[in-house]
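For reference, the structure is listed below as structure tokens.
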Amino acid sequence: MDPLKQKFIDKATALKAEMKALLAEHGGTKVDEVTLSQIFGGARNIKMMVWEPSELDPIEGIRFRGFSIPELREKLPHGPTGKEPKPEGLFWLMLVGEIPTLDEVNWLTDQWRHRCNVPEHVFKVLDSLPVDAHPMAQFTVAINAMQTESIFARRYDEGMKKTEYWDPTYEDTMNLIARLPRVAAYIYRRSYHQGKHISPDMTQDWAANFAHMLGIEKPDFKNLMRLYMTIHADHEGGNASAHTTHLVGSTLSDPYFSFAAGMDALAGPLHGLANQEVIRWIFRMLDALGTTTPTKEQIAEYVKSTLAAGQVIPGYGHAVLRRPDPRFIAQKEFAEEYMPDSDLVNVVWKVFEVVPDILEGLGKVKNPWPNVDAHSGALLVQYGLKEYSYYTVLFGVSRALGVLAALCWARALGFPLERPKSLTTDWVKAFIAKSAVSV
Ligand code: CMX
């Protein structure tokens, strides 16, 4: 058995025993109360699932197995140039809860290189789609087309014991993560570079090889991709892409189906698609203002006109966070180091100075601060990746690391089919009437 798999199942076996004992003793303990506002309001903050890889604090932001983004930038093994962590290290951490050594990360890079072969029919399926099909549509189609490779599905057909589910889930996870950059790069090159594809470079790490297949060789861009792939990977279990993967996975859909479903959720403009919306909104603003260096006053007017048109300001607000997103801050720091004089980046920073006060002034926005999507586009444009319809695919490749690590845990801990209770409004009205009588 490979060393990561062995480590994972050792830890999962121990935690499963602990979980069993914990539930035997404390299974009836209440951890939450639910209000009607939460039920009608998108289930905000209702504690209802277990998610091992990461945890989100409204003020501090995301922690992966207890480590913040600044800590990870310092502690995880770096790429050959620059100081950004390799996402391989984050996956190791999320899966087994330990910061890996450089050797362990190199082993994982090597594993993913050897597993990266994408079957030919996946490219044929992609080639049958219009080149202007949205890249997220192409991405989810390609993931579903790769399902022919699912070891979990094959083993289930053959008749697999419940206690073995984790094993092919791990194998599918490793294969799927290894293959995603190839598929994603293929979509980019067919959509925007006349189908001139670039073969993988087996000497590079996972994120750098992705940059290479996109056709952008600048070492700084490879660093950006390492950072990007690390910070977008996970945001605990309740966000739409993670929760969808978890929910679909709970039906024992294989990892390909589960992840494809998660990517359909990521493609919504209130979630991952916001990264394309942000830069589109900025470009439209610059067009409307007729300048690449707008003043804060001009930006404020444009923000107000967007709100007056009944639209949201993309890249701002969050369902959980109540402070500037540390993922935004990490990207801002990257920009301060590598491109402080970029006009576009300076627009992003001015928007950051202007928007929170305006949103706060509306009196209803719970979090007026920027989220992860507010900065990413300006960084990508700087390196020539200007086709913003593609941006959510980058988010999706990264998100695989967290949601698939969590799926391995769900299978190893034997989590059941997820099936919360829904209510009708009539039920709610009757419940309120009954409560009023009994008071
Ligand atoms: N611009 C304008 N209005 C906003 C707003 C924004 N950026 N963020 C929230 N609001 C509004 C809501 O639309 C809601 O208005 P109504 O009461 O009229 O319906 C009100 O403020 C209260 O919303 P909230 O409780 O603060 O926020 P939610 O938890 O309901 O929604 C989110 C969170 C992210 C969907 C919302 O902030 C938003 O639409 N942001 C813009 C889209 C975006 O950037 N999404 C990406 C999030 C990160 C990610 O998943 O990638």
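Distant-in-sequence amide contacts of residue 316, defined by a placed amide H-H separation under 5 Å and a gap of 5 or more residues or a different chain, comprise 371.
Each principal axis of the Cα cloud of the chain was taken in turn, and the coordinate range along them, longest first, works out to 69, 64, 44 Å. Within the straight-line cut-off of under 28 Å between alpha carbons, the lysines reachable from residue 86 are 5, 7, 11, 75, 196, 218, 222, 332, 386, sequence neighbours fewer than 8 places apart in one chain being disregarded. Taking the inverse of the mean 1/r over every pair of distinct Cα atoms in the stretch 398-439 gives a Kirkwood hydrodynamic radius of 13.9 Å.
Tell me the volume per residue, in Å³, of the convex hull enclosing the alpha carbons of the stretch 274-382.
Dividing the Cα hull volume of the stretch 274-382 by its residue count gives 90 Å³.
Among the helices of the chain, none built from whole DSSP H runs has Cα atoms reaching 24 Å or more along its own axis together with a mean Kyte-Doolittle hydropathy of at least 1.6. The value of relative contact order for the stretch 274-382, using C-alpha pairs under 8 Å at least six residues apart, is 41 percent. Considering the options 311, 346, 281, tell which one lies farthest towards the positive end of the dipole of the stretch 274-382, charges being +1 on Lys and Arg and -1 on Asp and Glu at the Cβ, about the Cα centre. Of the candidates, 311 comes out farthest on the positive side. Mean residue ellipticity, 222 nm, helices only, the chain: the sum of -39500 (n - 2.57) across DSSP H runs of n ≥ 4, divided by residue count and rounded to 500, is -19000 deg cm²/dmol. Listed by chain and number, the aspartates and glutamates placed with their C-alpha closer than 18 angstrom to that of residue 434 are 426; residues fewer than eight positions away on the same chain are left out.
Each 10 Å bin, from zero up to the one with the longest distance, holds this percent of the alpha carbon pairs of the stretch 299-342: 23, 31, 40, 6. When exposed loop sites are taken as trypsin sites (Lys or Arg not before Pro) in a DSSP loop with at most 15 other Cβ atoms within 10 Å, the longest stretch of the chain clear of them is 197-321.
Pairwise Cα distances in the stretch 356-439 exceed 17 Å in 75 percent of cases. Database remark: amide H of residue 79 closer than 5 angstrom to the amide H of 84, 86 (H placed geometrically; neighbours at sequence offset of 5 or more, or on other chains; Pro and chain starts carry no H). Database remark: amide H of residue 268 closer than 5 angstrom to the amide H of 273 (H placed geometrically; neighbours at sequence offset of 5 or more, or on other chains; Pro and chain starts carry no H).
Semi-axis lengths, largest first, of the ellipsoid equivalent to the stretch 65-151 are 33, 16, 13 Å, with √(5λ) applied to each eigenvalue of the Cα gyration tensor.
Taken together, the values in this text are just the output of simple stated rules run on the coordinates, not laboratory data. A quick note: this is a predicted structure, and the numbers were derived from the prediction, not measured. Every residue, glycine as well, gets a Cβ built from its backbone with ideal geometry; the counts of neighbours run over all protein chains shown.
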